[in-house]
Amino acid sequence: MLLTSLWDEITVIVLVVLLGAGCGSLRQHSSLRPISSKPPASAIVLSAPVTVIDQSATDTFPAGKYRPLYEDRGGYYFEAPAKVLVDDVAVFAYEGGLYIARGATEPTGWYVNRPSGKTMGRFKKIPPYKLVP
């Protein structure tokens with residue numbers, strides 16, 4: 001009986017910790033909203049796929065026209081024309097795209113919307129691109 005009670009307490013503690021971690025990730029991105037201000041371009045065009053290393057995964061952003069979809073206090077999110085391929089233990093396809101900071105005129109970052117939350121990174125070298133006014 002005592003063992004069952006201890007396991008019940010551990011289960012409750014683990015659930016509370018997981019719930020708290022999940023809510024924390026929601027607050028982190030709560031300023032993300034649909035575009036309401038004028039982005040620096042109507043689109044960004046990548047003429048070739050771009051690959052970045054994200055921790056242990058390799059993310060491949062497709063060639064094509066990226067359109068502004070969301071913004072936050074820091075900048076604009078341009079959605080990829082197709083899913084971003086993430087090669088981790090297996091290959092997955094997720095929504096993602098390029099990021100332009102407010103006041104900037106080039107895509108300095110990228111983002112991928114994984115099931116565990118949004119991951120973002122900065123390009124070590126800005127990929128070849130074209131801004132569409």
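The values are calculated or read from the model by the stated rules, or taken from the named source; none is laboratory data. Since the structure is predicted, the reported quantities are computational estimates derived from the model, not experimental observations. Counting neighbours? That spans all protein chains shown, and the Cβs are built from the backbone with ideal geometry, glycine included.
Close Cβ contacts (under 6 Å, 6 or more residues apart or on different chains) running from residues in region 112-133 that are surrounded by 11 or more Cβ atoms within 10 Å (Cβ to Cβ) to residues that are charged (D, E, K, R) and part of a loop (DSSP other than H, G, I, E, B) comprise Ile126/Glu106. As a summary of the residue check, Ile126 satisfies the conditions (1) in contact with an Asp or Glu (Cβ under 6 Å, 6 or more places away or on another chain); (2) on the phi > 0 side of the Ramachandran plot except for the one numbered (2). Is it fair to say Ala93 is touching a Lys or Arg at 6+ places or on another chain (Cβ under 9 Å) and aliphatic (A, V, I, L, M)? Yes. Checking Glu71 against (1) among the charged types (D, E, K, R); (2) surrounded by 15 or more Cβ atoms within 10 Å (Cβ to Cβ); (3) at pLDDT below 95, only one condition comes out false. Which one? That leaves (3) as the condition not met.
Can you confirm whether Lys83 is surrounded by 15 or more Cβ atoms within 10 Å (Cβ to Cβ) and free of Cβ contacts under 8 Å to residues at least 24 places away in the same chain? Yes, satisfied.
Residues in region 44-53 that are surrounded by fewer than 16 Cβ atoms within 10 Å (Cβ to Cβ) and either polar (S, T, N, Q) or under 15 Å from Arg114 (Cβ atoms) (or both): Ser47, Thr51.
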